[in-house]
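One structure is given here, and the rest of the page talks about it.
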Amino acid sequence: MTIARPRILFFNPVRHARQAYEALQSVASTEVVTSTSRQEFFFDIKKKYSNIQAIYRTSASGAVAGNFDKEFIDRLPPSLKFICHNGAGYDQIDVDACAARNIVVTYAPEQVTNATADLTLFLLLGALRQLNPSFNNLRQGQFKKGVDFGHDPQGKTLGILGMGRIGRAVKLRAEPFGLKVIYHNRNPLPEDLALGCPYVSFDQLLAESDIISIHTPLSAATRHLIGRAEIEKMKPGVVIVNTARGAIIDEAAMAKALDDGHIAAVGLDVYEKEPLIDERLIKNERALLVPHLGTHTVETLANMEAHAMENARRAVCGEELLSIVPEHLPRAK
């Protein structure tokens, strides 16, 4: 009798790591979800997907199912034991609801680092130099007309809010430009991870930084971590860069401060209510905006896909997983 291979349901097709996908098919039955809405998926999960063992998802999976919140998790079949997320940020998944159902969540924390740090530097330098107005003016035949002066990075203080993998990669990229780097975390880092970067309090970072770059994960504690009161503590003429999650900043407060001139410029890859963006940011030429492209390179996406699929393969084969979200790791006694 032929033993049925474990089923892995993909919420997004694999576009780049095709060789890894084909290798996965040798040990598992893989299929891309055909449900076109959350309610249709809830219907399909009763029979069509009733015996899946793992789900592969990306940050774009919400287009079909919405967030993997408690309602979603509670509807999953008893056979489902793993959710393998293709990305470093997993705020779209209720990991506590997963733990209550004995569902393990994995993620891809290291694969996103370089591409996101590279884009951060692009946004930082572009916002500091006030390049955005020149892009539109040039295409409208206004060569170097109506373009304000930018600023050099040398001697400026860059405050990194969240000194994790990406924050450290940004620090290493920023220093050759002559930026002085400080950081704030919930707790100071060990010396080897701080890379010689001074730790400062949250209020110090707000008050002393010429440029603030956001790299904290989104959680209940960090939602609107930067709002009107925090912006008022910043230097007049501050530059804000965000490649983490939009909701860490109160977007409306940021847009107002940008219009008022307290914030000189912003470089944003993420937004509070994606794909919606505050209209004031769209209209303000001092806002350098890109549509959540932090990891949008062929090489990085291929590495992310391959990592998430390797977690899925190991999951259904009973092997040790590569990267479990911290909330699901065994706690030391």
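Side notes on the structure shown:
- Number of the exception - His151 against (1) in contact with a Pro (Cβ under 8 Å, 6 or more places away or on another chain); (2) surrounded by 16 or more Cβ atoms within 10 Å (Cβ to Cβ); (3) not small (Gly, Ala, Ser): (1)
- The one condition from (1) over 22 Å from the mean Cα position of the chain (by Cα); (2) of a type in the set (A, V, I, L, M); (3) at pLDDT below 95 that Ala63 does not meet is (1).
- Scanning the range 52-59 turns up at least one residue that is part of a loop (DSSP other than H, G, I, E, B), more than 26 Å from His296 (Cβ to Cβ) and out of contact with any His (no Cβ under 9 Å at 6 or more places or on another chain).
- Check on Ala20, part of a helix (DSSP H, G or I), surrounded by 15 or more Cβ atoms within 10 Å (Cβ to Cβ) and hydrophobic (A, V, I, L, M, F, W, C): yes
Okay, residues lined up against (1) more than 30 Å from Glu22 (Cβ to Cβ); (2) modelled with pLDDT of 95 or more; (3) among the small types (Gly, Ala, Ser):
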site	(1), (2), (3)
Ala252	yes, yes, yes
Ala255	yes, yes, yes
Glu272	yes, yes, no
Ala306	no, yes, yes
Asn311	no, yes, no
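- His296 being in contact with an Asp or Glu (Cβ under 7 Å, 6 or more places away or on another chain) and either of a type outside the set (Val, Ile, Thr) or outside the structural domain of Ile211 (by TED's automatic domain parsing) (or both): no
- Failed item, numbered, when Glu285 is tested on (1) closer than 30 Å to Lys145 by Cβ; (2) touching a His at 6+ places or on another chain (Cβ under 9 Å); (3) not aromatic (Phe, Trp, Tyr): (2)
- Residue within the range 109-119 that is at pLDDT 95 or above and closer than 13 Å to Val239 by Cα present: no
- Residue that is surrounded by the most Cβ atoms within 10 Å (Cβ to Cβ) [pool: residues in the range 47-88 that are within 15 Å of Glu274 (Cα to Cα) and either in contact with a Pro (Cβ under 9 Å, 6 or more places away or on another chain) or among the small types (Gly, Ala, Ser) (or both)]: Ser61
- Comparison of His292, His307, His262, His296 shows that the only residue that is on the phi > 0 side of the Ramachandran plot, out of contact with any strand residue (DSSP E or B) (no Cβ under 7 Å at 6 or more places or on another chain) and not small (Gly, Ala, Ser) is His292.
- Entirely in the range 78-140, the helices (runs of 4 or more DSSP H) that have 2 or more residues that are under 17 Å from the mean Cα position of the chain (by Cα): 113-128
Yes/no per residue for (1) in contact with a helix residue (DSSP H, G or I) (Cβ under 7 Å, 6 or more places away or on another chain); (2) crowded, with 18+ Cβ neighbours inside 10 Å:
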site	(1), (2)
Pro176	no, no
Leu179	no, yes
Ile182	yes, yes
Pro190	no, no
Ser201	no, no
Gln204	no, no
Ile214	yes, yes
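The values are calculated or read from the model by the stated rules, or taken from the named source; none is laboratory data. Fair warning: this is a prediction, and the values are worked out from it, not measured in the lab. Counting neighbours? That spans all protein chains shown, and the Cβs are built from the backbone with ideal geometry, glycine included.
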